[in-house]
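Below: the structure, in structure tokens.
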Amino acid sequence: MRDIRQNLLVPFQYTVHFTRDLFSHDNDLFRRVVRNGSARPSKVLCVVDRGVCRGRDGLPQRIVDYCARHARLLDLVCPPLIVPGGERVKNSDAYVARILEAIHRHGICRHSYLVAIGGGALLDMAGFAAATAHRGIRLVRVPTTVLSQNDSGVGVKNSINAFGKKNFLGTFVPPHSVLNDFAFLDTLSDRDWRAGTSEAVKVALLRDPRFFRWLERNAAALVARDSRAMGWLIRRCAELHIRHIATAHDPFETDSSRPLDFGHWAAHKLEQLTSFRLRHGEAVAIGIALDSTYSRLIGMLPEGDWRRILKLLSRLGFGLRVPKRFQRLTGRDDPNSLEHGLIEFREHLGGELTIMLLQGIGAGVEVHDIDDRILSESIATLDRVAPESGSTSAKEN
């Protein structure tokens, strides 16, 4: 008997839209995106981040009113489900179960839409529910933070945490559409406004030196909450992330390489070790600083580039020092140590440990081993030279 071998080529296409005041009556983007092409109105189930509701008074009612105004096209099956935001929503499967129960009760099918409105954690959780119901229903993401609009919300990952590990349960399923509404950014705290800019620094360091120089020139405007500067940052950052997903030949991460997770092995562990008091973007800033310092100490990254990286992150308002209680390395077998994050990072993908380091701004290189002695020296170096910052993350250090 001969083996049967078949290649499956499954094209995915989705659009990241940019708008303002998505649920205004005169904005037709939402109703144009959420349609199924049939004579019947599209069934829509909305899940909204409670924190977003607090910042945008009346948001659930505006969604109800919008869908009622366009009832010929949109069938909002129930009032929006309000769930917590932040990492809390990913630390229990209870919220996934709540969404799945609503999908079941209201007859949401593969031609219906789950619309998730919130930060990256809520989008991850709701996306996991959408990907597993009926083996996948249409997901429309409405990211409401800088970080979710420029990074997590435009990608193809969905997940929740389990067994004390970040993103242990998840899927790779592209969204139907992403709707970036810049009006949601107006009510962000300074801390959340800043947090997403670390991902822009990361992707610039790996993919676009010109973007890095733009960030250097516009750091003050970004800190001052210049909306035009932030809008350009979000669009360029999203573009670079999507281009990598589409062109790097491994969109679902079947290999051991995750170049866009530069700085993330430490970031994920620091989030966990601080019980998520460090925001993801704040932890990423520390991770970028740490891996850049390691790159410098092994002679890979020129000192001038290293100092530019630390200066930019500091100017954006990030604290860059590893929290004191995690600076002492106690061994990779200790789950409460920072370096245990290297084991978890490798385990998450399988294969050999693959860490992205820097040869220069815009020039990443992968390595397969981290020397704990040099890692310890990197932590000490950061503690000695990293500038003080007024950010919340610095105060928590």
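Below are the figures for this structure:
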| quantity | calculated |
| --- | --- |
| Every pair of residues 6+ apart whose Cβ atoms lie under 9 Å, when the first sits in the stretch 305-329 and is in contact (Cβ under 8 Å) with a residue 12 or more places away in the chain and in the same structural domain as ARG277 (by TED's automatic domain parsing) while the second is charged (D, E, K, R) and in a loop (DSSP other than H, G, I, E, B) | SER314/GLU388; GLY319/GLU388; GLN327/ARG321; LEU329/GLU339 |
| Out of ASP65, ASP26, ASP75, sole residue that is over 26 Å from the mean Cα position of the chain (by Cα), among the acidic types (Asp, Glu) and in a helix (DSSP H, G or I) | ASP65 |
| Pick from the stretch 73-132, criterion aromatic (Phe, Trp, Tyr) and farther than 18 Å from PHE30 by Cβ, ranking: surrounded by the most Cβ atoms within 10 Å (Cβ to Cβ) | PHE128 |
| Scan of the stretch 156-209 for residues that are in contact with a Leu (Cβ under 8 Å, 6 or more places away or on another chain), among the aliphatic types (A, V, I, L, M) and within 24 Å of LYS269 (Cβ to Cβ), ordered by number | ILE160, ALA162, ALA195, ALA200, VAL201, VAL203, ALA204, LEU205, LEU206 |
| Odd one out for ILE4, checked against (1) under 26 Å from ASN158 (Cβ atoms); (2) part of a loop (DSSP other than H, G, I, E, B); (3) among the β-branched types (Val, Ile, Thr) | (1) |
| Residue satisfying all of: in the stretch 328-347; surrounded by 17 or more Cβ atoms within 10 Å (Cβ to Cβ) and not hydrophobic (A, V, I, L, M, F, W, C); farthest from PHE262 (Cα to Cα) among these | SER337 |
| Unique match (being touching a residue at least 40 places away in the same chain (Cβ under 8 Å), in the same structural domain as VAL178 (by TED's automatic domain parsing) and over 25 Å from THR132 (Cα atoms)) among ARG72, ARG56, ARG62 | ARG56 |
| Helices (runs of 4 or more DSSP H) enclosed by the stretch 248-333 - at least 2 residues per element that are under 20 Å from the mean Cα position of the chain (by Cα), closer than 28 Å to GLN149 by Cα and among the hydrophobic types (A, V, I, L, M, F, W, C) | 264-273, 280-297 |
| From the options ASP49, ASP21, ASP75, residue that is of a type in the set (Asp, Glu), under 22 Å from VAL173 (Cβ atoms) and touching a helix residue (DSSP H, G or I) at 6+ places or on another chain (Cβ under 8 Å) | ASP49 |
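The values are calculated or read from the model by the stated rules, or taken from the named source; none is laboratory data. If you're wondering where the values come from, they're calculated on a predicted model, not measured in any experiment. Positions of Cβ are backbone-derived with ideal geometry, glycine not excepted, and every protein chain shown enters the neighbour counts.
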